[in-house]
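**Q** Quick one: the structure is below, and I'll ask about it shortly.
Values in this text are rule-based calculations from the coordinates and carry no lab data. Not measured: the values here are computed from a predicted model. Cβ coordinates were reconstructed from backbone atoms using ideal geometry, including for glycine residues, and neighbour counts include every protein chain displayed.
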Amino acid sequence: MKTLKIGTCIHFTSMEELPAKFATLREHGFDSCQLLAWNLTLLTDENAVIVRDLLDEYGITVSAFWCGWEGPRKWDFYEGQLTLGLVPTDYRQMRIKNLCDGADFAHKLGITDVVTHMGYIPENPYDPNFSTFCIAVRTVAEHLQKNGQYLLFETGQETPVTMLRCFEQVGCDNLGVNLDTANLILYGKANPVDALDVFGPYVRNLHAKDGRYPTNGHDLGEETKLGEGKVDFKALFVKLHELGYQGHVTIEREIEGDQQLKDILESRTYLEEIINEVYGG
């Protein structure tokens, strides 16, 4: 029986560092990753050729391209409302272009799934910013459709129902979900297992991450190593299996230094045991 492929995140911060990052990935037995890019100056035609050759050389599959955007970003419940994603009108047109350019770069690499954070989508469908935000999403989604690509919302800043409502309003068939299992908890928006009842069929990729709920009204909850937070990974994969999910599982650990790699490797073992039990691998 087919099981799920486990990878991790590679941050595309410079061309000089990328070969070493791919080498480390393979050294530790991974052959898939999500490629995360915030430095949009790197997304050139010349670099696309080099990155594609590196992926071939190291035998790595990129399950999704995580595309950032220009302008300020604050990961909290206050300034985040004003700075993140396509929701703030001050940055919207610039970021539409950023996402379309990022998708074109990913297309040159043969990557079909493009992921981003959309911001704090208004929960009130009568909020004037909801309809204009959906128009912006449609603009990006239609651009990706021409490339045969999917636009994936990373979970966290919106409730599952709000995300689903946006999908319905936008009306494009190339919208999907990058389920970050911890973010729904860190932002206090939902339990990731229950969220699958709402948007489960849209899940095309997965950030395996753990964390705890917020303890104040300003700051996100605390991210943790897998198995030390509130995510019930056994229940999660049981439900994903019931939904027929056969996509990638991408470990994300948002710390730095040697401990990050140690936690990622231990997380892989933790996930393999659960996935093999559920999927029969």
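**Q** Looking at Leu42, His28, Asn178, which one has the Cα that reaches farthest to the positive end of the dipole of the chain (charges on Cβ: Lys, Arg +1; Asp, Glu -1)?
**A** With unit charges placed on the Cβ atoms, the residue in question is Asn178.
**Q** Among 142-154, 44-56, 103-115, what's the highest-first ranking by average C-beta atoms within 10 angstrom per residue?
**A** In descending order of packing, they fall as 103-115, 142-154, 44-56.
**Q** What number of lysine-lysine pairs in the stretch 133-281 show an alpha-carbon separation below 24 angstrom, given a sequence spacing of 8 or more or placement on distinct chains?
**A** Lysine pairs meeting the criterion: 16.
**Q** In the stretch 165-193, whose amide N lies under 11 Å from the spot 7 Å out along Cα-to-Cβ of Trp38? List them in ranges.
**A** none
**Q** With each label point set 7 Å from Cα along the Cα-Cβ vector, what nm distance links Asp232 and Glu123?
**A** 2.2 nm
**Q** I would also like to ask the following. Say we join alpha carbon atoms closer than 10 Å with springs in a Gaussian network model of the chain; which of Pro160, Pro128, Pro201 then has the biggest fluctuation?
**A** Pro128
**Q** Another one. Given the options Leu25, Leu84, Leu243, state which has the largest fluctuation in a GNM of the chain using a 10 Å cut-off (strictly under) for Cα springs.
**A** Residue with maximal mean-square fluctuation among Leu25, Leu84, Leu243: Leu243.
**Q** About the Cα centre, and with charges only on the beta carbon of Lys, Arg (+1) and Asp, Glu (-1), how big is the dipole of the chain? Nearest 20 debye, please. Intermediate values should be presented prior to the final figure.
**A** Values: 25 positive and 42 negative charges, 103 e Å.
That gives the chain a dipole magnitude of about 500 debye.
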